[in-house]
Amino acid sequence: MSKKFKATKPDTILTSAGRDPENNFGIVNPPVYHASTIVFPTVEKLNNRIPFEGVSYGRNGTPTQFALEEAFAQLEGAHRCVAVQSGLAAVTGAITGFLKAGDHMLVTDNSYGPTRKYADSVLKRFGVETTYFDPMIGAGIAALIKPNTKVVFVEAPGSQTFEVQDIPAIAAEAHRAGATVIMDNTWATPLFFRPFDKGVDVVAHAATKYVVGHSDAMLGLINCKDRATFETVKNACMAFGFHAAPDDVYLGLRGLRTMGVRLRQHEKSGLDLARWLKTRPEVNKVLHPALPDCPGHEIFKRDFTGSSGLFAFTLKGEYTDEAEARMLDDMRIFGMGYSWGGYESLIIPGHPGQFRSAVPWNDRTRIYRAHIGLEDVEDLRADLADGLDRLKNNA
Ligand SMILES: Cc1ncc(COP(=O)(O)O)c(C=O)c1O
């Protein structure tokens, strides 16, 4: 890729950003640097290190890490990106620098469970109060904002139940009160949702999912709108000793190159199976943002340009626990496992009620969260159909 060419279209950014063959012996991919110690040739160079620039110590970043950060920042239109060791570290690293004892944070009620746990355990002990809000609150969030509200945290669509928040409306109210808007954009990736255009200040991604894409590395990426948010986030991550390991960063860079084509296939097969599930008599609701059952579907149509392969469905309610277990136990292709975003299909039962406080969820209504992978869609449909038949036959 010639240095004179600056990509602007997402697929070309994915394949060109963060690599420089001209300065790497013509080799297409950046090298993996393993480093703790960096030696300085002179006292002058040692003393004149520029904060957040270049290499200084392994934990603060290597050229491999900078390559991924540069590529991902370009993809989402960020000022700069900070790579960390997991998606959860991206969430906690994004939030913490904006809070101190006595502050208040607003968090969407459908946020990822461990995000809540961080707020309810660590932040609470350090004197930060958290209030959870109805994901469908929109501009009504103004009523929950207090003088000490410093962070509003959104995740759209949210984990497990997939309601889509009205982020522009929420961000407008948050900014009116001087709060920072932080988003978990793992589900949509920068390809299907543009957080900075919708009022978000800092974006956390579990790159473990679609960026790595092959279920073999943990990684987090935090994109920051401007220099001030970047410094807050980077300082917090450095204070915690957060760090992304070079081999995992390399897997992230490698995954990024094919993320566009993979996501489009996840989207296509996911929509196909979500629509088909809706026609099955055993299924009650299909919680896929692109389908009308999902709260926030209209907002999704307005603000998102595509959907990934993760959604959930609920059953009609007349089935025993044993029948539901039979449905899953004998699946041939769908694996049962936490996480998602890899090439393989997964299905897992969930109990959203345990993570709810603002809007109760009837805990008898279990959800089934499916991640639609890259297998042949007819094979996947047959696996699901046989599972639903087992459910019916054991009712
Ligand atoms: C929406 C969301 N955010 C964050 C995370 C945390 O990512 P990681 O498992 O890489 O820590 C997950 C993991 O499942 C997730 O689903």
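Things to note:
- Full-stretch length increase - K6, H351 - with 0.36 nm per residue and alpha-carbon distance subtracted: 119.6 nm
- Ranking P51, A143, L99 by how far each Cα lies toward the positive end of the dipole of segment 37-188 (charges on Cβ) leaves P51 at the top.
- Put simply, when 105-114, 229-238, 48-57, 90-99 are sorted by average Cβ atoms within 10 angstrom per residue, most first, you get 90-99, 105-114, 229-238, 48-57.
- When you filter the trypsin sites (Lys or Arg not before Pro) in segment 299-344 for DSSP loop state and at most 15 other Cβ atoms inside 10 Å of their Cβ, you are left with K316, R332.
- Here the gap between D330 and E318, fully extended at 0.36 nm per residue and compared with their Cα-Cα distance, gives a gain of 2.3 nm.
- Calculated FRET efficiency for the pair V261/E378, C-beta based, R₀ 25 Å, to 0.05: 0.80
- Rounded to 10°, Cα long-axis angle of helix 377-393 versus longest principal axis of the chain: 40
- Peptides 271-281, 32-42 ordered by packing proxy, namely the average of other Cβ atoms within 10 Å per residue, highest first: 271-281, 32-42.
- Counting all C-alpha pairs of segment 10-255, share separated by more than 30 Å (%): 26
- Normalised by the number of residues in segment 251-378, the average gap of Cα pairs under 8 Å and 6 or more apart makes the relative contact order 25 percent.
- Projected label distance in nm at R59 and N148, using a 7 Å step from Cα toward the beta-carbon: 3.1
- Separation of alpha-carbon centers, segment 139-165 and segment 1-76, rounded to whole Å: 35
- Largest-first principal axis extents of the Cα set of segment 1-119 (Å): 50, 43, 22
- Per residue, the average separation of C-alpha pairs within less than 8 Å and at least 6 apart gives the chain a relative contact order of 17 percent.
- Cα-based shape type of segment 259-393, given that a ≥ b ≥ c are square roots of the gyration tensor eigenvalues and the cut on a/c is 1.5: oblate
- In this label model, K392 and D247 are separated by 4.8 nm, measuring between points 7 Å along each Cα→Cβ vector.
Since every read-out is calculated from the coordinates, none of them should be taken as a lab result. If you're wondering where the values come from, they're calculated on a predicted model, not measured in any experiment. Glycine gets a Cβ as well: all are built from the backbone with ideal geometry, and neighbour counts include every protein chain shown.
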